[in-house]
Every structure is written in C-alpha cells, then in structure tokens.
1. Does region 115-131 contain any residue that is part of a helix (DSSP H, G or I), of a type in the set (Lys, Arg) and within 16 Å of ligand 2 (Cβ to nearest atom)?
2. Specify which of the listed residues (Ala92, Ala36, Ala41) is away from ligand 3 (no atom under 16 Å from the Cβ) and assigned by TED's automatic domain parsing to the domain that holds Ile164.
3. Could you check, for region 234-254, whether at least one of its residues is of a type outside the set (A, V, I, L, M), without any contact (Cβ under 8 Å) to a residue 60 or more places away in the chain, part of a strand (DSSP E or B) and touching a strand residue (DSSP E or B) at 6+ places or on another chain (Cβ under 9 Å)?
4. Taking strands (runs of 3 or more DSSP E) that fall entirely within region 357-463, which contain at least 1 residues that are over 23 Å from Lys168 (Cβ atoms)?
5. For region 160-209, what are the residues that are more than 22 Å from Ala379 (Cβ to Cβ), more than 16 Å from ligand 3 (Cβ to nearest atom), of a type outside the set (Val, Ile, Thr) and not in a helix (DSSP H, G or I)?
6. For the subset of region 132-142 comprising residues that are touching a helix residue (DSSP H, G or I) at 6+ places or on another chain (Cβ under 7 Å) and outside any helix (DSSP H, G or I), which member is nearest to ligand 3 (Cβ to nearest atom)?
7. Which condition number in (1) within 30 Å of Asp424 (Cβ to Cβ); (2) exposed (fewer than 14 other Cβ atoms within 10 Å of the Cβ) is the one that Pro297 fails?
Amino acid sequence: MTDAHTLIDTHREKFLEELKDYLSIPSISTLSEHNADTQRAAAWTAAQLRAAGMTRVEIMPTPKHPVVYAEWLGAPGKPTVLIYGHYDVQPAELEAGWLSDPFKPEVREDNLYARGASDDKGQVYVNIKAVQMLMQANGTLPLNVKFLIEGEEEIGSPNLDPFITANKELLRADVVVVSDTAIQSPDQPSIVYGLRGLVYLELEVRGPKQDLHSGGFGGTVHNPAQALCEIIAALHHPDGSVAVDGFYDKVRPIDEKERTAMAKTDVSDAEWKRLTGAPQSWGEAQYTLRERVGARPTLEVNGIWGGFTGEGSKTVLPAKATAKISCRLVPDQDPYEIEALIRAQVAKLAPPTITWEVRALNHGHCALVPIDSLAMECAVAAYERGFGARPLFLREGGSIPVVATFAQTYQVPVLLVGYGLPDDGAHGPNEKFNLECLYRGIHTAAALLEELGKRSPDSLRVL
Ligand code: BES
Ligand code: MN
Ligand code: MN
C-alpha cells in the first residue's frame, strides 16, 4: 500500500493544474456582478470535496454567498476536526500592476500567480488534497472530518455567525483548523496564535447643498474635504498613537514574558522596507514592529475622496467628502464599543460649519488562542513533518473574525495552520502561492490529521 505522503509527491503536477482551474474563477465576493462566479467557486469546492471522499457535501445558501459544508464521519470514537477556509477573493484589476491576468493563473519561477492563490483558495485546496490523499492511500481517514468553506470572508463574513448559530450541532468539532494565514518562509513555518479584530466605518462630511464655484465661495464656506482632513488628522497624536478618548482603556498590556518571546520574531527595519517599499517605518516608537502589528490597535484611512479627481483642473468647492476608516483591535477591545468611541470623538472634533455621518460597515472580534494545548502540539508535529522545521509562534495583524466565534461557540482549540508567505501579495497585485508551500502544505495538512487522529476527542478539546 502506498502511503499518503508518497501519493502527495507523485501528484504534484495534477495539483498544480487543478489549483489553476480553481483560481481562474473570479469569485470576488464584494462585487455583485460576480455572483455567478462565487456560485461557480462554491460548486467547484463542493465537487472537489466529493472527489476527496466526503460522504455528505452541501452547498448551503445564506442571504448572500453560499457556505460549502462537507463531512466524513466514518471514524466513530475518533476526534472530529472542522476545517475552515474561504473560496471568495478580493477584487483584482490588471491595471493595478499585475504582470499577468489575475484570473489566468501563471507559474513564474517557484510561484503560482493569481488572485486568491494564497488568500485563500490555495490553502483551501491544500486541505482538500490532504484529505483526498489520505483517503486514497488508506481507504479511510484517521479521524472524522468536517469542512466549512465560506464565500464572504473578504467582506467581513456578514452571514457566517448566524449560520454557525443555526447549525451549531452540524458544525460541532473537538478541534478547529483554520488555514488562512502565512508562515515566515518555506524553511521557517510559524503558527499564528493571535489575530486582531476590526471595526470598519465610513465618515461622510457635508457642507454646502451642492458643489460650488471655488472662486465665488472659497474662503466663506468651510470646505468639506478640508474639514474631513482636519478631523482625520486629529485622530492621531504626533507619536503615532490613536487620539480617540478611551481607545486604549481596554487594551491588554503585553507582559514581559510575551515581549521577550515576540522579540525573537521581530522584523528588522530593512526587512520591513523590503516588504512594504515605504521609505521608513512608522508608528508607536516604544513598541517593536512585531508588537505594533500583532498586539497594538490602530486606526487607518483606507480611502478618502470628494470633489474633483478627474484629469486636469476644475475649480470647485465640493459639497461633501468621505473617508473609509477602520481600526485593528486587540484584546480586550470590543468593536462595537470602539465604534461608539469614534462617533463620540468625531462629535467632539466636528466644527459647526459642517454636518457629518458615521456609517458602520462591519465588526469583527480579535482572537488569542492558547499555545500550550495538546492540539497545538499536533500542529507543531505536523509542520515538522511537512516543512522539516519547528514552527515559531506569532501574533498577526490581520483579522479572521470567525476564529473568535469558533472559540466562543465550541470552547475548543482553534489552530491557525496557514501556508501563505508574508510577501504573497494578498489583496495586492501579483498575488502568488509558493509551490513549495503548496506541496509542503499538503504534507503538513495530512500529517496534522494523522496526528490529531492519534489522540482522544476529550484530550484534544482541552484548552
Ligand atoms: N487571510 C486574511 C486574514 C489575515 C491576513 C490573517 C494577514 C493573517 C495575516 C483574510 O482573508 C482577510 O483579509 N481578512 C480581512 C478581514 C476583514 C474583511 C473582516 C482583513 O484582515 O482585512
Ligand atoms: Mn483569507
Ligand atoms: Mn483576505
């Protein structure tokens, strides 16, 4: 009998071709003109899960994009794992600097380039193939497996919490595996144990009833674009900290033990420059870059617009200006409380010369998972098998709000077992998935199921 890991090695070309197929579906969740494509991506995911040997596979509707659920429960007495990922992707336009069409996957050197390659179709695919190879090799799986692959992660998973509440027993598991993060390098795997939360707002400032001639009225009417900038500028202190009253009240300080651990995985200024291309790093100077990204909250302007932005010049005093503002949150900040604090701060800052409105777009809780569980030991062993190195433990700056939902709903370990790389270009042009990460990832995902299958359900649930 050929073992699963041997099978994985002999299927490399097949994997690459199949993944290219998946990546050519533009399942952009935020653009409704792509609704048929998200449906197609859901169907593709479901078909693959059937091919992998899952005995029940369902495309379950939500008010927006469907959830793909699958299960194989043929190992009574063994633990049950729930594997989470997302088949939706961020928008991508060729003009944004892509060297090849974002939805015509292309291999260049050791990487597969396409939107969603790393975030998150590549990682979903890794888990499906791990299961399929185990099934093909052994005719069975070492434990019970459930999949929850959603299509709304990139828009804040608006329908996922209600879906989990409504299907609490269906989705119940002894351990949850989330594959939607990055490791340090193909030779240095890492496990994320902290993710930041998020609150996303839109701030609109209005002045005159309509656009005005800036010669006829400039200097007599408070320009909304200027007023918006004044408000935004006042939301930070000169030292880079956020100037919203009460913003830091619930921020859990980083204790000395964790600071020492985080120092070992800090990033140099030079590496940060390489990753970002920015002339210099910025932020709270008393915290390291790793601490700033992993354990400190932020307030960011994602976009700002108003007035004339076309070619050439047009002298105009705009009637309104808008900004999209989001905060990354850390324990124990609550996204709804932070929204209220920002509203209060804007109310204090807004001059009587304008009117304003804050609209909330989404909220997500942060997550911090224990690193000393038995389940975590399985993840460590799996990376050692797949990548040949002991993983580091890291806190990441991104958000996967469902992690907090899983942890709260089931009170079981959630393992953030990812296969991307920091320079994969997620959400940006030329997103890629490293081929070594793809193949080593499948080995790791298979090894993780083997490891988890050796333990008792009760012992795995311990946090
Ligand atoms: N895979 C990312 C989350 C992520 C990014 C984890 C970087 C670790 C490091 C996920 O797809 C994502 O982009 N999430 C959004 C969440 C938001 C839309 C609620 C994010 O972080 O902006
Ligand atoms: Mn993702
Ligand atoms: Mn993403």
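The values are calculated or read from the model by the stated rules, or taken from the named source; none is laboratory data. Since this is a predicted model, take the numbers as computed values, not measurements. Here the Cβ positions follow ideal geometry from the backbone for every residue, glycine too, while neighbour counts run over all protein chains shown.
1. yes
2. Within the list Ala92, Ala36, Ala41, the selection yields Ala36.
3. no
4. 392-395, 432-434
5. Hits for region 160-209 are Asn167, Leu201, Glu202, Leu203, Glu204, Arg206, Gly207, Pro208, Lys209.
6. Leu141
7. So the condition that Pro297 fails would be (2).
Condition check ((1) β-branched (Val, Ile, Thr); (2) modelled with pLDDT under 95; (3) more than 12 Å from ligand 1 (Cβ to nearest atom); (4) within 23 Å of the chain's Cα centre (by Cα)) across all residues:
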position	(1), (2), (3), (4)
Arg108	no, no, yes, no
Asn144	no, no, yes, no
Glu152	no, no, no, yes
Ile164	yes, no, yes, yes
Leu171	no, no, yes, yes
